Amino acid sequence: MTEPSTEVRIAQNTEVTLHFALHLENGDTVDSTFDKSPATFKVGDGNLLPGFEAALFGFKAGDKRTVTVLPENAFGQPNPQNVQIMPRSQFEGMELSEGLLVIFNDAANTELPGVVKAFDAAQVTVDFNHPLAGKTLSFEVEILSVTAL
C-alpha cells in the first residue's frame, strides 16, 4: 500500500512557477517561456486566463503536460460586433496593409489594438477581436514548483 502523496497540487490558494508554451493547431508557437525565465503566478490572480488555470488543476511539481484549450476556455469566439468599419480619413497619412496592427485609444484612454482586415479609398475594416479568438490552443507546461499559500 502506498502512502498518500503530500506533494502540493495546483488548486485555489497555490502559487505556481512553470514554463509554458502556447501553440496553434498548425504547430506555430504564439508564446513560450522555455527559453527565458519561468513564469510565477498565484491561482486566481488574473495573470492566467481561468481556462488555462483550470487545465492545470491537480498538476504537481515535475509534471510535464500538453493540454488542449478550446476557444471558449481561452480567448473566446470572435464577436462580429468587434469588427468596425471606419472612414479612411481617420487613417490619414498611414500606409495601410491587411494584417496591420493599429492601436486606438478609447474614451478612457485605454489602448485598443485592432487589425486591418480590408480597406479601400473610402473605408477601413478593423477587427478588434483578440488575435487568438476562435483558436484552439495547445498549452504545453512544465511545472517547476507549487506552493500552498
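What number comes out for the charge environment of GLY44, summing +1 per Lys or Arg and -1 per Asp or Glu over other residues with Cβ under 11 Å away? Write out the running numbers ahead of the final one.
On the way: positive: LYS42; negative: GLU15, ASP45, GLU53.
Taking every other residue near GLY44 into account, the sum is -2.
Net charge around VAL8, counting only other residues with Cβ within less than 11 Å of its Cβ (Lys, Arg = +1; Asp, Glu = -1)? That sum, taken over residues with Cβ under 11 Å, equals 0.
For the stretch 72-86 versus the stretch 97-132, the spacing of their alpha-carbon centroids is 12 Å.
The slack between ALA39 and VAL83, meaning 0.36 nm per residue of separation minus the straight C-alpha distance, is 12.6 nm.
I want the local charge near LEU96. Using Cβ-Cβ distances under 12 Å, sum +1 for each Lys or Arg and -1 for each Asp or Glu among the other residues. Walk me through the intermediate numbers first.
On the way: positive: ARG88, LYS117; negative: GLU92, GLU95, GLU98, ASP120.
Net charge around LEU96: -2.
The value of relative contact order for the chain, using C-alpha pairs under 8 Å at least six residues apart, is 36 percent.
As a proxy for reagent exposure, ranking ILE85, ILE10 by other Cβ atoms within 10 Å from fewest up yields ILE85, ILE10.
None of the figures in this text is laboratory data; all of them are computed from the coordinates on show. Just so it is clear, the structure is predicted and the values come from calculations on it, not from any experiment. Here Cβ is always computed from backbone atoms with ideal geometry, including for glycine, and neighbour counts include all displayed protein chains.
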